[in-house]
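Before any comments, here is the structure.
The values are calculated or read from the model by the stated rules, or taken from the named source; none is laboratory data. None of the values given here were measured: they were computed from a predicted structure. When we count neighbours, we look across all protein chains shown, and the Cβ atoms used for this are built from the backbone with ideal geometry, even at glycine.
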6 protein chains.
Amino acid sequence: MRPSHRQPDELRAVSLERAVVKYAEGSCFVKFGDTHVLVTATLEDRLPPWLKGQGRGWVTAEYGMLPRATSERTRRESSAGKQTGRTVEIQRLIGRSMRAVVDLEVLGERQITIDCDVIQADGGTRTASITGAWVALHDCLAWMKARDMLRNGDPLRDHVAAVSCGVHAGTAVLDLDYAEDSNADTDANFVLTGNGGIVEIQGTAEKVPFSEEQFMALLALARKGIGRLVELQKMAVM
Amino acid sequence: MRPSHRQPDELRAVSLERAVVKYAEGSCFVKFGDTHVLVTATLEDRLPPWLKGQGRGWVTAEYGMLPRATSERTRRESSAGKQTGRTVEIQRLIGRSMRAVVDLEVLGERQITIDCDVIQADGGTRTASITGAWVALHDCLAWMKARDMLRNGDPLRDHVAAVSCGVHAGTAVLDLDYAEDSNADTDANFVLTGNGGIVEIQGTAEKVPFSEEQFMALLALARKGIGRLVELQKMAVM
Amino acid sequence: MRPSHRQPDELRAVSLERAVVKYAEGSCFVKFGDTHVLVTATLEDRLPPWLKGQGRGWVTAEYGMLPRATSERTRRESSAGKQTGRTVEIQRLIGRSMRAVVDLEVLGERQITIDCDVIQADGGTRTASITGAWVALHDCLAWMKARDMLRNGDPLRDHVAAVSCGVHAGTAVLDLDYAEDSNADTDANFVLTGNGGIVEIQGTAEKVPFSEEQFMALLALARKGIGRLVELQKMAVM
Amino acid sequence: MRPSHRQPDELRAVSLERAVVKYAEGSCFVKFGDTHVLVTATLEDRLPPWLKGQGRGWVTAEYGMLPRATSERTRRESSAGKQTGRTVEIQRLIGRSMRAVVDLEVLGERQITIDCDVIQADGGTRTASITGAWVALHDCLAWMKARDMLRNGDPLRDHVAAVSCGVHAGTAVLDLDYAEDSNADTDANFVLTGNGGIVEIQGTAEKVPFSEEQFMALLALARKGIGRLVELQKMAVM
Amino acid sequence: MRPSHRQPDELRAVSLERAVVKYAEGSCFVKFGDTHVLVTATLEDRLPPWLKGQGRGWVTAEYGMLPRATSERTRRESSAGKQTGRTVEIQRLIGRSMRAVVDLEVLGERQITIDCDVIQADGGTRTASITGAWVALHDCLAWMKARDMLRNGDPLRDHVAAVSCGVHAGTAVLDLDYAEDSNADTDANFVLTGNGGIVEIQGTAEKVPFSEEQFMALLALARKGIGRLVELQKMAVM
Amino acid sequence: MRPSHRQPDELRAVSLERAVVKYAEGSCFVKFGDTHVLVTATLEDRLPPWLKGQGRGWVTAEYGMLPRATSERTRRESSAGKQTGRTVEIQRLIGRSMRAVVDLEVLGERQITIDCDVIQADGGTRTASITGAWVALHDCLAWMKARDMLRNGDPLRDHVAAVSCGVHAGTAVLDLDYAEDSNADTDANFVLTGNGGIVEIQGTAEKVPFSEEQFMALLALARKGIGRLVELQKMAVM
C-alpha cells in the first residue's frame, strides 16, 4: 500500500493553472498533489554570447525553492551566495527538456527563460516543473504569435512532460511523493514527448542496483503517466 | 487623479490569506492590489551566535523576489551570487519592525525567521511584507501556544503594519503603486503599531527636498491607512 | 546628564578640513568629536551603463571602515568577501543625499564618486560622512569649474548636512555619540538642505515605539544642529 | 564508419595504471583512448556533519579538468571562483556510483574522497573517471585491510564501471570519443556493476527524441562494453 | 638626476607619529614622503585554529588601500568581493617581517593583528608599512607590559624596517617614489633587522635581468637606508 | 647529512619530458625528484584589456595543485571558491620569470598562458614549474615559428630556470625537498637566466635573520644548480 493510498499507476491530483502572474509572457502554476511550482516564461531580445549571429534562438531555465517550501527551512541560495549542485542539475534538465521540442531556428534570435520556483515541495519538483514549463512556454509562444513575431511558423513541435517512477516497498509505482521518494530503492525520472519519444531518462539506484526488467517496468509506468499529463496539458491550453 | 483612480487616502484592495503553505508554523499570502507577497514564519531551536545563553529569543527576516515578479525579468540573486543592497535594506527593516512588537524575553531562546517572497511586484513590496509578516508571526506564536511552548505569556505585544505615502502630481497620496512610485517627488514608508506608536519612518526626497508640512501630511495619511490595515489584520486572525 | 556633559542641543566639536589628500579632485577630513572620516570626491569620465547617453551625470558613494576604527577590531570586508548590509545601507544614503542637491543635467555625462572611509568611529559615522561629503563634492565641482568643465552653470544647488538625534535617558538629544547611541530608546537620522528642506528622515524605535511628539522634538533639534553644520560648511569653503 | 575506424561495439584502448602517485591511499591513471584521468582515493578520519555518529562511513567524489585538457583552453574554476554546473553534475554521479558498491556500515565512520582530474579530454571523461575510480577505491580499501582497519569484512561488494553509448550517423556505437559525441543524436551514460545491475542510466536526446528500441540497443552495447571494462579492472588489481 | 632631486642614497622625509587613533593598543601614522600609511596593532585573545594549545602566539597583518590613495581611483576590494594578488603578497610579507623579530613563545597564546591602510600612495607602501608596523607593534607590547601581561620577558627581540632600492636611469637609488618605481629597470625590497640581519630580500628584474654586482649595490644602499630608519624608530618610541 | 643523502650542492634527479599532452602548443612534464609538475603553454589571440592596441604581447601563468598532490589532502580551490595567497604569489612569480626572457614586441599581439599543475609535491614546486615552463614556452614559440607566425624574429632571448636554496642543519644546501624545506632556517628562491642574469631573488628568514655571507653562499649554490638546469633544458629541446 502506498502511503497516499494511490494505485501503483496513479498520478497525484494534477492541476495546471495558466496566466497566474501579470507580467510574464507565459506562466503556469502547476500542482502535483502537494508539490506546487510557479513557472514563468520570459521572452527577451538577447542571446547567450556564444549563440549570437547564428540565426537561432535559445530556451533556458532556472530553478529555485522558497526557503520554507520544505519541512525544515532550507537556507536561501542568494544568502549562501551560490546555487547548490542539485539546483544546477535540475535547471539544466528543465532547459534541455524544453529545447527538445522547440525548433530554435524557427524561434529566431531570441531567448526564452523558464523560471521554476517551488512554493511547496512534496517530491517530484523537477517533473512538475517540466510539465508546467511546457504550458508556460506554449503561452509565451502564443503571445508572440498574437504579435506576429513568429513568421516562420510555430517553433513548438510537440508536447513534453515528465514524471518520476520508483520501486517502493517492492512495487513499481508512479509519481513518487516525498514519503515514497525518501524510501525508494530505485528512483528514475522520465521526460517524454507527446509522441512518446524519449527526451531524457535518469535512473539511479539509491541503495541496491536494479535490473533491466525493473527498469522496463518503470518506463512502462512512466509512459502511462506522461500520456495522462500530456492530455492534461492539452486541456489546459485548449 | 491617481493612475488607479483611487482617492488620495484610499488603500489598494488588501487581502491577508492565512495558512497558505503546508509546512510553515505561520504563513500569509498578502496582496496590496497587484503586489503579492508570500510570507512564512519558521520556528527554529537555534539562535545567532552572539545571542546565545542570554535567555532571549530573536526574530529575523529575509526577503526575495521571484525573477519575473517584475515587468522586466530581474536576475536571480542566487545566480548573481549575492543579495543586492535593496534586498538587504528591506529585510533588515522587516526584522526590526517585527522585533518592535515582540517581547524577546517572553519568546525564550528560539528564533523565528520571517521569509517574504514577492510573487508579483507593483510597488510597496516592503510595506505589504511587513503587514503580512505580522499575520504569519501571529500564527507561528499561536502554533507555539497550542503546543504549550509559551509558558511565560504571550510575546506579541501589539500589531504592526506599514504603508507608503508620497507626493504624486502635487498631492499627498496613500499606498503608492508602481506607476505612482516611479513618478513621486517624495516617498516615505511608515511602520506603526496598533496603538499608533511609530516604529520606523523612512522619508526620501526623490527629486526635490520636501517640507515639514508635506511630511506631516504624509504621516497623517499613513496613520489612517495603517489604522485600516490593523483592522484587516484583526479580522484575518479572528 | 549626557555622558559627554554636553547640553541636549549641543553638537560635538566639529571640524571640516579640506584638501587633505594629494590626488582627489575634492577631499575633506571631517570630525564629529571622536568620529573621524576621510572623504574624497573622484571625478570620472564614465557612467553606470543604465545612464549612458541621457545627457545626465551621476553622483554615487561608497563607505568603509578601517578594521580598528572601532573599539573591538572589525573584520575587513575585503577579506570577508562582501560588504555588510549596514555598509550598503549607509553608502546608498550618502549617495541619495548628495544627488538631492546636485543638478545632474548641469553636471553633464560624468560621474563623481564619494568615498567615505571611517578612520575612527564614535557614533554618527553616516551623518559625519554626509556633512563632509558635501565639502568634498563642493571642491570637486570647484576643480571642474577652474578647468572650464562646467559650462552650463553650477550643478550644486544647495548645502546638505546630516545629524542624528535620539531620546537618551528620557531626554531628546542632538548628535549622539557611541555611548548614547548604544543606550538610546529612539534613534533618528536627518538629512536637510541649507534651505531647511528635508532630504531624508530615518527614525527607528530601538526598543519601544515612539510618539509623534517625540519625533517632532527630534526634528526640531536636528534643524538646529544642521543649521550650525551648514554654517561650518560655509566657513570651510570660504 | 566511425571517425576512429572502430567497430560499433568496440571500446577505445583502455588502460588502468595503479599506484601512480606517492601519497594517496589508492590511485589510478585511467586512459580511454586520448581521454586521460588521474584518480586518487584519500582516506580521512572525518565525516560530513550530517552523518556523524551513525556508525556509517561515506564515499564522495570531486572532479576537475586541467585548463588545457581541452582543445581550447578552459578557464580554471579556482580562478572563476566557482565550479560549473557540469562539474557538479559529474562529481555527484561519480560519488553515487561508488557508494552503490560500498557497504557504508562495514566501512565504518570514515570518509573516502575520490578525486578525478582530467589531464586530457577526448570524450567520456565521466565514464573513464568512474571506471578508474573503482580501481583507486579498491586499492584504498586494500591499504586499510593491510593495516587491519577493516575488521567487519570487506566493504566492497562488487565492481562498478561506466561507458557512454550514442547514436552516431544512424548507428548505435559504444564509447563515444569527442568527435562522435559532438555529433551524436543521442547520448547516454550507463553505470553498471560487475553483476550487471544498473546503478545509473542517463540518456539525453541531443536533437530529436529517441525511441525505446534505440535506447535498448544502447543499453545492450553498454552491457557488452562494461563487461569488458570489468574484466580489465580485474586484471588491473590482480 | 632623480625626479625628486634627492641624492641616490637619500631617503624621502620620513615621519613616524604614534598613538594616532583612540582604540588600538598600538598605532603609527607613517610617512615616506607622499606615501602615507595608517598602521594599527590589535591584541586579541584568540589564535588561528592550527596554532591552538601550543603555548605560542601569532603576529599577522592585513593591508588595504583607500580607493583614492592613488592617482586614478582604484576599485574597493570589499566591493570587488576579493583581495587582489598584490594585496595578499604584501600582507604576507608584513606578517613574516614582524614575526622575524618577535619571540612567539614569550608572547604567549595571543594574536596581534597589524592593519596597514594606505591613505596616500606614492611608491613604497609596503616598506613604509613594515617600518611603521614595528612602531605600532612596539606600542602594543608596551601596552601589554603596562598591564603586566608579559611575565616571561619582552617578546620584541630587535627592530625591523624596510626600504626599496632600484636602478633608475642607470643609477642605483634608495627609497623609490612612484615616478622612479614605474621607470626602474630593477626593483628590490629589503627587510633588515636593527642588527643588520636579513629578514627578507625580494629582487625583481622589471625589464632586463640584473647582475650580482648591481644587486650588491642595492643591498649596500638598503643597509644605509634601513640604518637610518631604525634610528628614526628609536627616536619615535623614546 | 641531508635526509636524501645528497651532497649539499646536488640537485635532485631532474627530468624534462616534452609534448606530453595532445592539445597544448607546448608542454613539459617536469620532475625535480618526487616533485612532479605538468606545464602547458597555450597560445591565444587575445590580450588583457589594458594591453590592447600597443603592439605587444603578453605571457602570463596560472598555478594549481591537485588535491592529493600533498601528503594530506588539500581542499580544491575551485570548491573553496578562491585561490589562496600562496597560489597567487607563485603564479605571479612564474609569469614575471617568463616575461624576463621574452621580447613582447617581437611576440606581437598575442597571449601565451603557462599552466603549471602540480601532480605531486615534495618541495620546490615553484622552481620546478619555472624550469619546466621555459621548455613549454620554447615549444609553443617553435610551434608558432613552424606556422610562420613570428616574422619579426625569435622573441625568446635566453633560458630561465629556478632553484631553491636554504640553510639546513647549519649547512647551505641546494634544491630543498619537503623534508628539508620544513626544517630550514632560511629559504631562498632564485630565478636566473642562461647568461647568469638575476631575474628574481626571494630570500626569507624562517626563524632567525640571516647574514649577507649566508645569502651569498646560497646565491653561489643557486648559480651552480641553475647552470645545470639550463644544460638540461638545452638537452631537452635539442
Looking at (1) more than 10 Å from chain E (Cβ to nearest Cβ); (2) free of Cβ contacts under 8 Å to residues at least 12 places away in the same chain; (3) among the hydroxyl-bearing types (Ser, Thr, Tyr), which is the one condition that is false for C:THR84?
(1)
Answer from F:ARG18, F:ARG6, F:ARG56 - the residue that is of a type in the set (Lys, Arg) and under 25 Å from D:LYS31 (Cβ atoms)
F:ARG18
Does B:SER15 count as surrounded by fewer than 19 Cβ atoms within 10 Å (Cβ to Cβ), of a type in the set (S, T, N, Q) and either on the phi < 0 side of the Ramachandran plot or not in a loop (DSSP other than H, G, I, E, B) (or both)?
yes
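Results for (1) facing chain C (nearest Cβ under 9 Å); (2) touching a helix residue (DSSP H, G or I) at 6+ places or on another chain (Cβ under 7 Å); (3) not β-branched (Val, Ile, Thr), shown as yes or no for each residue.
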{"residue": "E:ARG56", "(1), (2), (3)": "no, yes, yes"}
{"residue": "E:GLU62", "(1), (2), (3)": "yes, yes, yes"}
{"residue": "E:SER79", "(1), (2), (3)": "yes, no, yes"}
{"residue": "E:ARG96", "(1), (2), (3)": "no, no, yes"}
{"residue": "E:LEU104", "(1), (2), (3)": "no, no, yes"}
{"residue": "E:LEU107", "(1), (2), (3)": "no, no, yes"}
{"residue": "E:GLY123", "(1), (2), (3)": "no, yes, yes"}
{"residue": "E:ARG147", "(1), (2), (3)": "no, no, yes"}
Do any strands (runs of 3 or more DSSP E) lying entirely in the stretch B:146-238 carry at least 2 residues that are surrounded by 21 or more Cβ atoms within 10 Å (Cβ to Cβ) and charged (D, E, K, R), and which ones are they?
none
Of E:TRP134, E:TRP143, the only residue that is within 14 Å of chain C (Cβ to nearest Cβ) and either farther than 23 Å from E:GLU231 by Cα or in contact (Cβ under 8 Å) with a residue 40 or more places away in the chain (or both) is E:TRP143
Criterion violated by B:ALA161 - all others in (1) modelled with pLDDT under 95; (2) within 14 Å of chain C (Cβ to nearest Cβ) satisfied
(1)
Those residues of the stretch A:24-71 which are in contact with a strand residue (DSSP E or B) (Cβ under 6 Å, 6 or more places away or on another chain) and free of Cβ contacts under 8 Å to residues at least 60 places away in the same chain, in sequence order
A:LEU51, A:TRP58, A:THR60, A:GLU62, A:GLY64, A:LEU66, A:PRO67, A:ARG68, A:ALA69
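Let's see how each residue does on (1) touching a residue at least 24 places away in the same chain (Cβ under 8 Å); (2) acidic (Asp, Glu); (3) within 11 Å of chain D (Cβ to nearest Cβ):
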site	(1), (2), (3)
A:TYR178	yes, no, no
A:ASP187	no, yes, yes
A:GLN202	yes, no, yes
A:VAL208	no, no, yes
A:LEU218	yes, no, yes
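How about the stretch A:154-184: which of its residues are farther than 25 Å from A:ILE198 by Cβ and not polar (S, T, N, Q)?
A:ALA169, A:GLY170, A:TYR178, A:ALA179
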Can you confirm whether D:GLY203 is of a type outside the set (Lys, Arg) and modelled with pLDDT of 95 or more?
no
